[in-house]
Amino acid sequence: MSLALQTFPTVKDANAALQASGTRYLGGGTLVVRAANEGDVSVSDLVRVADPDLARIAVSGGKVKLGASVTMAAIARHPELAALAPAARAVGGPAIRNMATVGGNLFAPAPYGDFAVALLALDAAVVTANGEMPIETFLAGRDRSRAIVAAVEFSLPKTESFRFLKVSRVKPKGISVLSIAALLQRSADGTVASASIALGCMADRPMRAKAAENALLGCKLTSEEIAPALAAAGEGITPITDPIASAWYRAEVLPVHLGRLLLS
Ligand SMILES: Cc1cc2nc3c(=O)[nH]c(=O)nc-3n(C[C@H](O)[C@H](O)[C@H](O)COP(=O)(O)OP(=O)(O)OC[C@H]3O[C@@H](n4cnc5c(N)ncnc54)[C@H](O)[C@@H]3O)c2cc1C
């Protein structure tokens, strides 16, 4: 079956075309074109937007705006986004990173979506033509979303307060057993004043580890004090099973890797 591709100058024009059944937005195409090539007949038309704003990275006054078409490679090499580079570099190999976009990563089902895990820990806002919404709300409703994501916005984390870890079996570019992102603010005495922890592969999409976040408050990052947070990390998770790892295995190793990330 042939695929029709239409290019629009603005998100608004493309949004209208996207409402037709069988029509999907084309980001970098690493998932949607692969699916079509593999015989997914639910896709008949692709739409894309040529607006250069979608590929723009803006960093100003401690705020970051990433257009939805910004690629993982562009983030990884941006001098002001060093804190996010490990999450961007975690996505596939160099060829994939040159095409894989921020917008597409928000829709990527587990075990993909490593960059979206980082955005969730940063509590990013997702911008569409209908306005903006917290990423957690966006992810919860993404299967029903028919709106084009234009950008994501968040406060730039300090390198020392943001941590990201992807665990894979095939190095250096295997898909995730799990991924974890943590934004930790600490008081002068070293205790955790606020914690935002996001997990990949612990559900079909990135999720927050809220019980672990709460258990970390007021703790110093020592093995003894983080133990309750590690015990709580599995609360609410429904890990995926795939050829890389079973749900059981992913749940077993989550506290081990969260502990390593917190103590690193
Ligand atoms: C070999 C290989 C390895 C991979 N490894 C990883 C990995 O390690 N980690 C990882 O996270 N991912 C990985 N991926 C998955 C994928 O490359 C990334 O998740 C990527 O970020 C998806 O972005 P894309 O622009 O290519 O999405 P596309 O394929 O263009 O789109 C994916 C979906 O999102 C929708 N979409 C895209 N952009 C928008 C938008 N702006 N607004 C609304 N809807 C949109 C599309 O309609 C489609 O439904 C891998 C893929 C392959 C083929």
Self-check item: Condition met for Glu235 (within 23 Å of Gly141 (Cα to Cα), loosely packed, with under 15 Cβ neighbours inside 10 Å and not β-branched (Val, Ile, Thr))
Solution: yes
Quiz item: over 23 Å from Glu136 (Cβ atoms), outside the structural domain of Leu199 (by TED's automatic domain parsing) and not polar (S, T, N, Q) - does that describe any residue in the stretch 98-111?
Solution: yes
Quiz item: Which of the following residues is more than 19 Å from Ala100 (Cα to Cα), aliphatic (A, V, I, L, M) and open to solvent by less than 30 Å² (accessible area, probe 1.4 Å): Leu54, Leu66, Leu18?
Solution: Leu18
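Of the residues Ala16, Ala20, Ala68, which single one is at pLDDT 95 or above and either under 16 Å from Ala147 (Cβ atoms) or within 12 Å of the ligand (Cβ to nearest atom) (or both)? Let's see the steps before the verdict.
On the way: Ala16 fails: at pLDDT 95 or above; Ala20 fails: at pLDDT 95 or above.
Of Ala16, Ala20, Ala68, the one residue that is at pLDDT 95 or above and either under 16 Å from Ala147 (Cβ atoms) or within 12 Å of the ligand (Cβ to nearest atom) (or both) is Ala68.
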Exercise. Would you mind finding the one in Val59, Val47, Val41 that is β-branched (Val, Ile, Thr) and open to solvent by 70 Å² or more (accessible area, probe 1.4 Å)?
Key: Val41
Quiz prompt | helices (runs of 4 or more DSSP H) within the stretch 27-90 that include 3 or more residues under 19 Å from Thr7 (Cα atoms) | solution = 32-37
Quiz item: What are the residue pairs meeting all of these: first residue in the stretch 151-174, first residue at pLDDT 90 or above, second residue of a type in the set (D, E, K, R) and open to solvent by less than 20 Å² (accessible area, probe 1.4 Å), Cβ atoms under 8 Å, and 6 or more apart or on different chains?
Solution: Lys166/Asp114
Practice problem: Give the residue, chosen from Lys220, Lys210, that is under 19 Å from the mean Cα position of the chain (by Cα) and not acidic (Asp, Glu). | Solution: Lys210
Quiz item: Does Ala88 satisfy the condition of being in contact (Cβ under 8 Å) with a residue 40 or more places away in the chain and either over 18 Å from Ile175 (Cα atoms) or within 10 Å of the ligand (Cβ to nearest atom) (or both)?
Solution: no
Quiz item: If you check Ala151, Ala195, Ala182, which single one turns out to be away from the ligand (no atom under 12 Å from the Cβ) and within 16 Å of the chain's Cα centre (by Cα)?
Solution: Ala182
Quiz item: Quick one: would you say Leu31 is within 12 Å of the ligand (Cβ to nearest atom), open to solvent by 40 Å² or more (accessible area, probe 1.4 Å) and at pLDDT 95 or above?
Solution: yes
Quiz item: How do the pairs read when you match residues in the stretch 224-240 that are among the small types (Gly, Ala, Ser) with residues anywhere that are open to solvent by 70 Å² or more (accessible area, probe 1.4 Å), using Cβ under 8 Å and keeping only pairs 6 or more apart or on different chains?
Solution: Ala232/Asn214; Gly236/Lys210
Exercise. Sort out which residues of the stretch 147-162 are of a type in the set (Gly, Ala, Ser) and under 14 Å from Ala195 (Cα atoms), and write them in order of number.
Key: Ser161
Self-check item: Breaking point among (1) of a type in the set (A, V, I, L, M, F, W, C); (2) near the ligand (Cβ under 10 Å from one of its atoms); (3) crowded, with 18+ Cβ neighbours inside 10 Å, for Ile135
Solution: (2)
Quiz item: Any idea how many residues of the stretch 157-179 are in a loop (DSSP other than H, G, I, E, B), open to solvent by 30 Å² or more (accessible area, probe 1.4 Å) and within 11 Å of the ligand (Cβ to nearest atom)?
Solution: 4
Practice problem: Quick one: which residue in Thr7, Thr23 is open to solvent by 40 Å² or more (accessible area, probe 1.4 Å) and in contact with a strand residue (DSSP E or B) (Cβ under 7 Å, 6 or more places away or on another chain)? | Solution: Thr7
Quiz prompt | Which listed residue, of Ala100, Ala83, is closer than 20 Å to Phe154 by Cα, surrounded by fewer than 24 Cβ atoms within 10 Å (Cβ to Cβ) and in contact with a helix residue (DSSP H, G or I) (Cβ under 9 Å, 6 or more places away or on another chain) | solution = Ala83
Practice problem: Could you tell me whether Ala116 is open to solvent by less than 20 Å² (accessible area, probe 1.4 Å) and within 13 Å of the ligand (Cβ to nearest atom)? | Solution: yes
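The values are calculated or read from the model by the stated rules, or taken from the named source; none is laboratory data. Predicted model only: the values in this text are computed from it and were never measured. Counting neighbours? That spans all protein chains shown, and the Cβs are built from the backbone with ideal geometry, glycine included. Heads up: the accessible areas ignore ligands, DNA and RNA and are worked out on the full protein's heavy atoms, side chains in. Shrake-Rupley method; radii C 1.70, N 1.55, O 1.52, S 1.80 Å.
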